[in-house]
Amino acid sequence: MDEYEKERRKQIEEAVVETYKQEEEMMILVFAQWCANHGLDPEEMYRQAYPDQQSNERLQQVLKLVVPKEEAGEIPDDTVLGVLSMFGNEDLAMVVSEAIAARK
């Protein structure tokens with residue numbers, strides 16, 4: 001593999017990582033906005049799902065982007081559960097499922 005191929009491979013890897021980070025941030029935003037729309041505290045729900053973690057810095061950053069329920073669009077329960085599962089957040093999806101069941 002020559003230098004050009006190595007550099008090209010590195011650029012592709014960096015682009016894939018950046019895309020994943022952006023999509024993960026969107027997943028966090030969907031979760032946080034869904035919580036706001038239903039009067040739930042996303043940080044508390046995160047602590048319930050992951051009690052061994054101190055806090056989630058990315059969640060705290062994304063919370064700045066959450067808008068009041070009145071300004072937000074509806075986020076279906078299936079959507080938030082789907083994006084959480086897509087990123088392997090099964091424990092958080094379970095906490096969300098429990099909140100959905102309690103609401104009904």
How big is the equivalent ellipsoid of the stretch 34-104 along its three axes, where each semi-axis is √(5λ) from the Cα gyration tensor, reported in whole Å from largest to smallest?
-> 18, 16, 12
What's the carbon and sulfur percent of the chain's accessible surface, probe 1.4 angstrom, rounded to a whole number?
-> 51
Tell me, what is the FRET efficiency for residue 86 and residue 54 to the nearest 0.05, using R0 = 41 angstrom and their Cβ-Cβ distance as r?
-> 0.95
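Taking 0.36 nm per residue of sequence separation and subtracting the Cα-Cα distance, how much length would be gained by fully extending the chain between residue 77 and residue 41, in nm to one decimal? Let's see the in-between values first.
Values: separation 36, 0.36 × 36 = 12.96 nm, distance 1.58 nm.
Value of the extension gain: 11.4 nm.
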For residue 103 and residue 16, what does the FRET efficiency come to when R0 = 30 Å and r is the distance between their Cβ atoms, rounded to the nearest 0.05?
-> 0.20
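The values are calculated or read from the model by the stated rules, or taken from the named source; none is laboratory data. Predicted, not measured: the structure shown is a model, and the values here were computed from it. Quick reminder, even Gly has a Cβ in these numbers, built from the backbone with ideal geometry, and neighbours come from all protein chains shown. For accessibility, only protein heavy atoms count, side chains too; no ligands or nucleic acids. Shrake-Rupley method; radii C 1.70, N 1.55, O 1.52, S 1.80 Å.
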